[in-house]
Every structure is written in C-alpha cells, then in structure tokens.
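Here the structure comes first, spelled out in structure tokens, and everything after it is commentary.
Derivation of every value follows stated rules applied to the coordinates shown; laboratory data play no part. This is a predicted model, so every value here is computed, not measured. Because the Cβ atoms are built from the backbone with ideal geometry, glycine has one as well, and the counts that use them run over all protein chains shown.
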Amino acid sequence: MELLFDERIDGEIADVDPAALAAAIHAVAPDLVLLDRVEDLRPFECDGLSAYRVLPMMVAMPTTLAEIESLMRVCFEHQVPVVTRGAGTGLSGGALPLEKGVLLVMSRFNRILELDADARIARVQPGVRNLAISEAAAAYGLYYAPDPSSQIACSIGGNVAENAGGVHCLKYGLTVHNVIGVEIVTIEGERMTLGGETLDTPGFDLLALFTGSEGMLGVITEVTVKLLPKPEVARVLMAAFDDVERAGRAVGDIIAAGIIPGGLEMMDNLAIRAAEDFVHAGYPVEAEAILLCELDGVEADVRADGERVRGLLEQAGAISIALARDDAERALFWAGRKAAFPAVGRMSPDYYCMDGTIPRRELPRVLKRINDLAEHYGLRVANVFHAGDGNLHPLILFDANHPDELETAEALGGEILTLCVEAGGTITGEHGVGREKLNQMCTQFNSDELTLFHSVKHAFDERRLLNPGKNVPTLARCAEHGAMHVHQGKLAHPELPRF
Amino acid sequence: MAHLQDRRPAFTEPTEPGPTKDDGQDDSAALIDTVTQAGRERTPLRIVGGDTKAFLGRRVDATKTLDLNRHAGIVHYDPVELIATARAGTRLAHLEQVLGESQQRLAFEPPHFGGGATVGGMVAAGLSGPRRPWAGSVRDFVLGVRVITAEGKHLRFGGEVMKNVAGYDLSRLMVGAQGTLGVMTEVSFKVLPAPVANAWLRLSLSFEDARQRLIEWSRLPLPITGAAFEAGTLHLRLEGGEGSVESTRRQIGGDAESADFWNDLREHQLPFFHHDDPRPLWRLSLPARARLPALDGDWLIDWGGVQPWLRSDESPTHIQEATAAIGGHATRYTPSDDNVSPHPPLTAVLDKYHRRLKARLDPNGLFNPGRLYADW
C-alpha cells in the first residue's frame, strides 16, 4: 500500500489529540456534527478509488458557512490537515482521508440557491449533484453542459475541484469553461469570492487556478454555473471500421471539414464486444472500431452536417454507417458507450481505468503500442476514446486473485501513461492526479515546474494543511519514486457509468 | 535536493510531427539571459511585445525593457488537431492570417489595438472581443504556456491537448496577469473552424426593448455571436450553418449591414471611441441581470448588455463605486496623468492572496512591478 500517505517523503503531519481537537472545534462551533467512532467513519474511508482505504481521524459535516469558517480556523491553529469530500465518486483518490486529518464532508450543502433563467445562471451549494442542475434547468429549456459519466451521483463542488469533463467537451468545454464563480473559505477561515456573475473580474484569474486544484487551495462553499439553451435537435451516426487507423483518420477528416460534433467517441473491438454483450445496442461485433458521432444544434444545420459527415465516413472506408432513427435508437447507441466500463467489468474480475490524453494524430501509433504492450504483459486491454478531444481510457483487464497479476497490470498501466506523455500528451485528462497518479507527475513535470506548483500552493496554504499529499508530489517523493511506479485501484460505484 | 533529471521527451517534437510552420526565430536563450541578469542585479523589467495595450495598466517603473518581439514564429499548427502554438512575439495578425488560410480562427476575437500587437501581449492583456459571451474568453482557449520564471527557468505548463488536469492550471493563471507572474514565451491555443455562414443585422429599438429581446433570444439555441447597442440601434451578428443563419435572419428581421461594424467595434474604430473626445473612456463589466448604473455620459453597450462602454466626466471613484454597487466593475481605458491603476480595487482578502502569489512567484519584483496595482 505505497499509495498511502508516507510522512517520510510526503511531509510531516503534526500529532494532535482528537478529543482536544473536537473540544476546540465545539468551543467555537457547538452544533457542528463531528464523527469519530470507527463505525461512523467507515463509510468515508475511500472515494471511487476503493482499493485504497484510510479511516480519517474525524469527519466534520457542517451545515452552515460559519461552521466551516470556525473549523478551518481551529485546524489552521492546531496544524491539522483538512481533506474536503463531495460525493466521493472521484477516481484518483483525491478525497482519500488522512488518519491524522479531518475529513470535511460537504454533502449537507445540497441546495440549489437560485436559478435565473433570464440571466442563464444557477447558484448552487457544492453538494448539489451535477445532474440535478440540468434537471432543475430543464423547465426553462436550459441545461448545464459538462456531463461526467457519474453525473447522477457526483457533486458540483467535486466537479470544480477536479475540473470534470464528459463526452461533450470538444464543443462545450470542461468545468472551467462553464463555472463563472465560486465562493471559497480559505484555510485561515476567510471568505473569498472568485469570479462572480460578471464575465471577468479584476486581478489574476484565480477562478481558473482553483478549478481543478483538487481541494489544495481552499474549500468551495458555493458555485455559480452558466446554463445553455438545449440544442433543438441531436442526431447520432454510428460508423463501423475494419481498421482502427482508418477510424482515427475519419475523426480528423470530420474536424478538418470544419464540423465540431457535440460528441465524437470511439471504441475498439474488445470494448465493442463487451458493450454489445451487456446492453445489446446493435453494435457490429466484428468491427475493429466504431465511431459514434453526435451532431447537435438547429435542425437545418444538423441535417446538412449529417450528410457531410456520412460522406466523409464513406470516403474514410467505413464498412457500415447507421443513423439513429429516433431518440430511442439514439439513446441505445449511447447506452453501449456509456456502459462500456461496467461492460468490460463483466468480462474480467478486475480492471484498471487509465485516463491519458494524446494529440489525436498519435492515436493509431498509441493504440498499436498499447496492443503490443498488452501482448507483452499477457493482459487484455479494451480502449474507449473521447476521439474529439484526445482523451483515451484504456481499461486493463486482470484478476487480482491471481498472484502477481495486480502488479503486472500496474506495470502495464504505468507504461501506458508514459506512452501518453511521450506522445505529447498528459497522464490525466479528466480524472485528476489525486493520490493515484502522484508518482507519474514526476514524469510529466520536472523539479522546477513542481517547485513552482509548490510556490502556488504556499501562497494559499503556507502550512500545507489542505489535502496534503495529493495532486503535486514532493521532490523527495519524485527522487524516490521517479522511476514510474504505478498503482491503480478497482473502481467503487460499479453501478455508475464511467467514461 | 538534487536537481531531478527532466525525463520528458521534447514537447514540440512529436514522434510523427504534424504540420509545423516555423516562420520566426527562437530568441529564448537571450531572454533567459536577460531575466537571469536582472534577477542577479535585482533590476525590474518592463516586458513588452507590440506595446499596443500600454493603456491597460499603470506605467511600469523599470529602467530595463525585456523585448519579446524577436522571439517570434508559429511553432506548430495542425488544423486537424484544432491546436496552434506560437511564440510570444509572433504578430497576432500573422497568426490570424495563417489560421484563416485553413478557415480557422481564434474564436474569442481578440482586439489588436495596433498592427504591432503580439500573441504574448494579447494573452497577457487577456482581452476578448465582441464574440466573448457566446464563444468564450482568451483563457478559455489557452491550453498551454512556456514561461520564464524569476529564477530564469524556462518551464512548461499545460500543453497541446484539450483535456489536461495534471497539476495546477498555471497556463490560464497567466492570462490577464499582464506579465506580473512570469515571462510568457510561447502559448498553445485551441482554435476553431470559421463558420460557413454569416449575417450582420441592424434593428431600430429602444435599449429596454433590445434588452428584452436579447433575453428571449438567449434562451433559444440561435446562432447569435454578437449583440451591441448604440443610440437606438441594435447590431446583431449571426454565425453558423447556412440553414440556421438564414432562418434566424428571417425570424429576427431588421436590415442588413456590413461586417465592418464588428471589426470597428473590436478595434475601437467606431466614432464612439474617437480619441478627440476629451471624456475618459470606461469599460464596465456587469452581471447579466444588472441595469445600467446611473452615470452621466454616452454609452455603447456590447456583449449583449454586460460590457457597456462609457464616455464620462464623472469622477473615477464615483464610476467604480456605482458599478460595484450593482455587482459589476469598471476599468478606465484612458490613461490618467497620476498613474493610478485603471483597474478597480481588490477586496481585502483578494488583495492579500494576490500579494502572496506575486511574492511567491516573483519575490524580487522583477516582472512589470506596479503594472496592475501600485504596491506590487
């Protein structure tokens, strides 16, 4: 369990007496709910990266802003680390607790404070579920664009902390493009507003800096998002290819033609067969790759673009092309893709989900190399790919009950992430670094770059109390683990679609 | 701590390089030397590109200038990837021309304010044009930067991929920081295809009617990418597919006008912006639901209502306070003689963290000291 916090290389944490800390907290926030019995802490011992579990020293479940401020002041004074947790669906261990830290659980901040359809904004508490925002906006013909696959469960505060993505990022952007303001409580217990209802604010773009900062710079207590009008129509084309490279080229052809699809997804043969076996979406199981291309917008434009895309797919050598006839078939085409992770999970006792991003042009080379590596390690890998934005999710199949297979899968995963960096990409496109990819950060960034990250952290949290040991490795860790050493975990919440 | 070896492959040399268009020179070695020397001597630097946006901040008190103009050229542009990387000194007009040859563009429509405008200066200033409410801002399209730090290190953050959540987002932090946190030497952008169809319309309306109609239209998926109001006329721009532009044009009505209005608005070439007007020019940024503040002067209202331009003789304090009172902020675009910051003051807590961030990233105040605010 080398993933667990190691004071020797991750930094020292002060020892405190839990009872004294609880007393200090209750002295300034008498009604703040604190949990410290083992059976109460158990539900919070892990997030979506469930292979790694730690019982926090204490769980705090505030219901008011004042309680959060008081909690932060006491923790700052006593030098106690604070790990903030939203819905706990994250895949990289970003909300993994510390045994010498407080776990700040934001789930009781779950109200939509305001939805202004004319201004097309919603002001919500961080514990509000992603999908709940779109559901509330639907009455006005509006929606919140980023749609991470866990959107029925994940909360908007966690989305901001991770800069969550989804399948529509190429056209509609990530969380950073759709959040216009956040309220923060600093580790020193101050309230701070970043961004707001205006399209820009004076000074540095701290809103962008805090988005994706994995709870390392402040605690998000409120989020203002922009809402978009729902597209008039959405249509999905499914094209099958007998060659992965040809499918990859077709993606480039569509984009080079000036068309920006709402979604553009690719699956390889193993993923196709797994998904078809699971949801019977009508996927061609003999195909080496399928592309799902969703076009959305105004009826006339979608029809015109649909015809052009069909022509481009034919030219690119698609062996079959199907246009979803109605919304039901469209939902079915997507169902296979959205169920790809659990579908792959049915083929194998365990799997690792990787999250690299590569320049699209590198796709054929990277997929070929992944196949070679998989063969070398004697494991199967299914690939699902956000083809529009280059975000690749290789799923490594293994059986943890076989001795050494976990380690083999980890080694293969590490090589895949190195491959993504070598191809000009990144170790994480949307799942975050968290605890999981800390060692790979040493591959992607050099010591000067990591040092600058630490300087930024220091400006907001000089005592290193906010989520220590996540997101940015210490140089000591890189010196020790610099040679790629990857641990991945099994996914919790297997019932959630993952992409 | 021993210096860790940089194990990464060269960033700009993919194993199978896509189209590359290097049409300038790499002057980074000289830039790093200058920064290193300035750091040793503790001499502040005034960082300049085309010097077209000097009005946007305080005059920098520095005897030495760091000139980015020689560090120019498009390092990498692949239309299929929708990504372009250019050195900071590249002329913005040149980048836009090269993108245009592939029917692509910078969707955020950055103003040049002069032929010398550079890519680095554009990103440092962080100004977006009339399309901003619909397409996004400069920072929304910045994917990666290379930066020379106060220690003279040439570092890379972000990259040439659209989804990247490794580490803090330092690329976007540089946008609008006006060079106060580091010297940007290279920027990677997401670029987008130019639309197939356009229409430019003018409608005679009162501002209140225009406001109401804009709210109604904003709730529908219409291809509007520009909405500006001046003196009883609403100017609208439509961009999209032929079908949607044509049907929206018919639905909205109005008279056709030329595309020049939008370019002149972006570049402040409309009569409203003429320099012979003695009244200072102010830019307001307002919440969508705010009304115009009660200030004397003339208005030209862009961004569908949320970016009003104001010509007014009212006192700067009054303009900034009246704007802040309705949840907005005001920036003075006409330089003042007393070198007061054109930007509105920060709240106490924001000021504290701005100072801390500046102190951590530029401890000796080398980079554009006092450019944004007098004290740092």
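Give me the one-decimal nm value for the distance between modelled label points at A:VAL285 and B:ASP33, 7 Å along each residue's Cα-to-Cβ direction.
About 6.8 nm, to one decimal.
Under 20 Å from the 7 Å Cα→Cβ point of B:THR65, by amide nitrogen: which residues of segment B:339-376?
The answer is B:339, B:366-372.
Dipole of segment A:7-105, Cα-centred, from +1 at each Lys and Arg C-beta and -1 at each Asp and Glu C-beta, to the nearest 20 debye? Write down the numbers at each step before the final one.
Values: 7 positive and 15 negative charges, 45 e Å.
Once rounded to the nearest 20, the dipole reads 220 debye.
Working out 0.36 nm times the residue gap between B:ASP277 and B:PHE207, then minus their Cα-Cα distance, what length gain in nm do you get to one decimal? It would help to have the intermediate numbers written out before the result.
Numbers: separation 70, 0.36 × 70 = 25.20 nm, distance 2.32 nm.
Using 0.36 nm per residue and subtracting the Cα-Cα distance, I get 22.9 nm.
Counting every Cα pair in segment A:115-229, what percent are over 19 Å apart?
Within segment A:115-229, distances greater than 19 Å cover 40 percent of Cα pairs.
What is chain B by shape, rounded, prolate or oblate, if you read a ≥ b ≥ c off the alpha carbon gyration tensor as root eigenvalues and call it rounded for a/c under 1.5, prolate for a/b larger than b/c, and oblate otherwise?
oblate
Can you find, among A:LEU131, A:GLY166, B:LEU92, the residue farthest towards the positive end of the dipole of the protein assembly as shown? Put +1 on the C-beta of Lys and Arg, -1 on that of Asp and Glu.
Ranked along the dipole, the leading option is B:LEU92.
In segment B:28-193, if every C-alpha pair distance is counted and binned at 10 Å from zero, what percent goes to each bin?
11, 42, 35, 11, 1
Binning every alpha carbon pair distance of segment A:20-116 at 5 Å from zero, what are the percents per bin?
Result returned by the calculation: 3, 14, 24, 24, 18, 10, 5, 2, 0.
Loop only per DSSP, at most 11 neighbouring Cβ atoms within 10 Å: give me the trypsin sites (Lys or Arg not before Pro) in segment B:26-55, ordered by residue number.
Counting only loop positions with at most 11 other Cβ atoms within 10 Å, the trypsin sites (Lys or Arg not before Pro) in segment B:26-55 are B:ARG42.
Once you charge only the Cβ atoms, +1 for Lys and Arg and -1 for Asp and Glu, what is the size of the charge dipole of chain B about its Cα centre, to the nearest 20 debye?
With Lys and Arg at +1 and Asp and Glu at -1, about 1200 debye.
Tabulate in residue order the Karplus-calculated ³J(HN,Hα) for segment A:102-112, using 6.51 cos²θ - 1.76 cosθ + 1.60 with θ = phi - 60°, rounded to whole Hz; enter x for Gly and Pro.
Once rounded to whole Hz, the list reads 8, 9, 8, 9, 9, 5, 7, 8, 10, 9, 7.
Could you pull out every residue, at least 5 positions away or on a different chain, whose amide H is within less than 5 Å of the one on A:ALA164? Hs are placed 1.01 Å off N in the peptide plane, and Pro or chain starts have none.
A:THR175
Please list, in chain and number order, the residues 5+ apart from B:LYS64 or on another chain whose amide H is under 5 Å from its amide H, with Hs placed from the backbone.
B:ARG46
Looking at segment A:7-105, what % of its DSSP beta bridges pair antiparallel, to the nearest 5?
The antiparallel fraction comes to roughly 30 percent.
Projected onto the charge dipole of the protein assembly as shown (+1 at Lys/Arg Cβ, -1 at Asp/Glu Cβ, origin at the Cα centre), which of B:LEU281, A:LEU103, A:GLY90 gives the Cα projection farthest towards the positive end?
B:LEU281
Cross-link partners among lysines for B:LYS53, C-alpha distance below 22 Å, same-chain residues fewer than 8 apart left out?
B:LYS64, B:LYS358
So, R0 is 45 Å and r is the distance between the beta-carbons of B:ALA259 and B:ARG40; what FRET efficiency does that work out to, to 0.05?
The computed FRET efficiency comes out at 0.30.
Mean residue ellipticity at 222 nm from the helices of the protein assembly as shown, using -39,500 (n - 2.57) per DSSP H segment of n ≥ 4 over the full residue count, to the nearest 500 deg cm²/dmol?
That calculation yields -9000 deg cm²/dmol at 222 nm.
Dividing the Cα convex hull volume of chain A by residue count, how many Å³ per residue is that?
Considering the Cα atoms of chain A, their hull volume per residue is 144 Å³.
Working only with C-alpha atoms, what are the Rg and Dmax values of the protein assembly as shown, expressed in angstrom?
In order Rg, Dmax, the Cα atoms of the protein assembly as shown give 26.3, 81 Å.
Magnitude of the Cβ-charge dipole of the protein assembly as shown, K/R +1 and D/E -1, about the Cα centre, nearest 20 debye?
920 debye
Whole-Hz ³J(HN,Hα) for each residue in segment B:55-72, computed from phi via Karplus 6.51 cos²θ - 1.76 cosθ + 1.60 with θ = phi - 60°, x for glycine and proline: what do you get?
After applying 6.51 cos²θ - 1.76 cosθ + 1.60, I find 5, 7, x, 6, 5, 7, 8, 8, 7, 9, 10, 9, 9, 8, 4, 6, 8, 10 Hz.
Which length gain, in nm to one decimal place, applies between B:ALA359 and B:ASP375 when the Cα-Cα distance is subtracted from 0.36 nm times their residue separation?
Numbers: separation 16, 0.36 × 16 = 5.76 nm, distance 1.15 nm.
Additional length available on full extension: 4.6 nm.
Please work out the FRET efficiency for the pair A:ILE319 and A:HIS78, using the Cβ-Cβ distance as r and a Förster radius of 45 Å; give the result to the nearest 0.05.
0.10
Taking the dipole about the Cα centre of segment A:345-481, with the C-beta of Lys and Arg at +1 and of Asp and Glu at -1, give me whichever of A:THR428, A:ALA459, A:ILE416 is farthest to the positive side.
A:ALA459
What FRET efficiency comes out for the pair A:GLU329/A:ALA479, r = Cβ-Cβ distance, R0 = 51 Å, nearest 0.05?
0.40
Bin width 5 Å, alpha-carbon pairs only: give the P(r) of segment A:1-67 as whole percents, running from 0 to the bin holding the largest distance.
In whole percents, the pair-distance histogram is 3, 14, 19, 20, 21, 14, 7, 1.
Does segment B:197-266 come out rounded, prolate or oblate by the C-alpha gyration tensor, with a ≥ b ≥ c the root eigenvalues, rounded set by a/c under 1.5 and, if not, prolate when a/b is larger than b/c and oblate if not? It would help to have the intermediate numbers written out before the result.
On the way: a/c = 1.71, a/b = 1.14, b/c = 1.50.
Taking the square roots of the gyration eigenvalues as a ≥ b ≥ c, segment B:197-266 is oblate.
Ordered by residue, what ³J(HN,Hα) values in Hz, to whole numbers, does segment B:35-40 give under the Karplus form 6.51 cos²θ - 1.76 cosθ + 1.60, where θ = phi - 60° and Gly and Pro are x?
5, 4, 5, 4, x, 5
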